[in-house]
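Here is the structure we will look at.
Every read-out reported here was derived from the displayed coordinates using simple, explicitly stated rules and does not represent laboratory data. Every value quoted in this text rests on a predicted model; they were computed, and no experiment measured them. Backbone-built Cβ (ideal geometry, glycine too); neighbour counts: all protein chains shown.
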Amino acid sequence: MNVLRVSVVSKISKDGKRLQHSSTKAQIKSPETIFRAKSSAPVMLARRSSSRSGPGLQTFGGNAGCNRNSTTAKSVSLAASAATEAEAIVDVDLGDRSYPIYIGNDLPWGELLKKHISGSSVLIVTNETIAPLYLDRCIDALKEEEGLRVESVILPDGEEYKNMETLMMVYDKALQCRLDRKTTFLALGGGVIGDMTGYAAASYQRGVNFVQVPTTLMAMVDSSVGGKTGVNHPLGKNMIGAFYQPQCVMIDTSTLDTLPLKEHASGIAEVVKYGLIKDAEFFVWQEENMEKLLNKDPDTLIYAVERSCINKAEASPPLALWRKGTVNRASRQGHCFLQSLTYATWP
Ligand SMILES: NC(=O)c1ccc[n+]([C@@H]2O[C@H](COP(=O)([O-])OP(=O)(O)OC[C@H]3O[C@@H](n4cnc5c(N)ncnc54)[C@H](O)[C@@H]3O)[C@@H](O)[C@H]2O)c1
């Protein structure tokens with residue numbers, strides 16, 4: 001049986017410090033953890049979140065797939081004390097590849113990001129839609145750190161540009177700027193930018209630091225968590241890629257203010273997916289709060305993102321398990337369906 005660390009944090013102050021923190025441990029028997037235990041996977045998932053009951057939800061029983069014992073109930077009562085906090089941190093515990101996911105509305109970007117930038121330069125990768133909206137904010141936040149060199153590259157927008165040719169623009173910029181192996185690549189955008197920047201980070205000079213600032217709901221709850229990066233090939237979606245974990249993911253839900261409704265609805269579909277496949281209580285909460293989610297109510301969004309990230313992190317196995325091809329079948333079946341619509345049949 002594995003141990004799930006449940007911690008209750010966390011208000012992030014305007015200077016990026018965590019103001020409250022308490023934690024506890026619980027033993028769980030979810031199907032995934034039983035599988036991990038049997039296969040001696042070296043990975044343990046840790047949660048460090050506000051574990052709020054969620055706006056509009058009176059109880060917090062955890063994922064429907066988890067048989068929680070009384071120790072967990074203890075953690076729930078701890079959670080109640082943090083129920084008014086608006087921000088959360090979910091830690092994805094992957095040993096030396098662990099990383100925090102910061103979630104909040106109007107977060108202090110500079111303070112949070114600088115903790116995860118070790119070298120003296122950053123390359124922001126974004127696209128022509130997001131650049132006019134958020135690039136200056138990102139540059140200004142990073143430049144709060146004295147002596148940090150901030151470069152940026154603006155890619156064309158669209159899934160059709162998620163390919164090797166566009167990826168080359170990132171390498172070109174990095175090499176023209178003579179960015180060294182200690183540089184950090186920062187993805188500012190949706191899932192397309194996140195996937196491409198992650199793969200660029202995994203391969204540039206055999207791997208550099210990587211930070212994600214997702215700006216679509218889809219990227220916040222799905223593509224920025226789990227370490228899958230890559231680009232499309234004409235014969236298949238996401239066929240060129242790597243597993244590569246970021247140093248941190250910073251989710252500022254205020255960036256969703258500018259997201260078109262169609263893209264927002266696509267992200268909500270991902271949130272609903274977690275409820276349907278493994279978290280029945282979350283699904284009930286969604287039914288009761290769907291209008292607020294659609295209207296981008298900040299507290300409702302933060303809770304939905306937090307709980308989705310926990311579900312995604314739990315469903316994202318360590319690299320060894322992915323290679324064995326034994327988990328996350330629901331996700332794979334979805335991708336097969338998508339491929340059948342978009343690409344030729346895969347043998
Ligand atoms: N790595 C993974 O685990 C994983 C998981 C799921 C999906 N994905 C990938 O994610 C991609 C889809 O991601 P997506 O749905 O975020 O699409 P996207 O990245 O194409 O973004 C959708 C559109 O919204 C725009 N946009 C982004 N943020 C905005 C904002 N704040 N305001 C206004 N406009 C904004 C983008 O420019 C784009 O036009 C696919 O390529 C898919 O393969 C990866």
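With the checklist (1) within 7 Å of the ligand (Cβ to nearest atom); (2) surrounded by fewer than 17 Cβ atoms within 10 Å (Cβ to Cβ) in hand, flag the one item residue 205 doesn't pass. Looking at each condition in turn, residue 205 falls short on (1).
Pairing residues of segment 118-146 that are without any contact (Cβ under 8 Å) to a residue 40 or more places away in the chain and within 19 Å of residue 247 (Cβ to Cβ) with residues that are of a type in the set (Asp, Glu) and surrounded by fewer than 22 Cβ atoms within 10 Å (Cβ to Cβ), at Cβ distances under 8 Å and at least 6 apart in sequence or on separate chains, gives 144/111.
Restricting segment 236-263 to residues that are of a type in the set (A, V, I, L, M) and part of a helix (DSSP H, G or I) leaves a set whose member that is farthest from the ligand (Cβ to nearest atom) is 261. Pairing residues of segment 238-251 that are within 14 Å of residue 193 (Cα to Cα) and aliphatic (A, V, I, L, M) with residues that are away from the ligand (no atom under 11 Å from the Cβ) and not in a strand (DSSP E or B), at Cβ distances under 9 Å and at least 6 apart in sequence or on separate chains, gives 249/309.
In the set 183, 129, only one residue is β-branched (Val, Ile, Thr) and either on the phi > 0 side of the Ramachandran plot or within 15 Å of the ligand (Cβ to nearest atom) (or both); that residue is 129. Out of all the residues in segment 113-123, is one or more surrounded by fewer than 22 Cβ atoms within 10 Å (Cβ to Cβ) and within 16 Å of the ligand (Cβ to nearest atom)? Checking segment 113-123: not a single residue is surrounded by fewer than 22 Cβ atoms within 10 Å (Cβ to Cβ) and within 16 Å of the ligand (Cβ to nearest atom). For segment 236-266, the candidate set comprises residues that are of a type outside the set (Asp, Glu) and in contact with an Asp or Glu (Cβ under 8 Å, 6 or more places away or on another chain); within that set, the residue that is nearest to residue 91 (Cα to Cα) is 254. If only residues of segment 264-313 that are outside any helix (DSSP H, G or I) and away from the ligand (no atom under 13 Å from the Cβ) are counted, the one that is surrounded by the most Cβ atoms within 10 Å (Cβ to Cβ) is 279.
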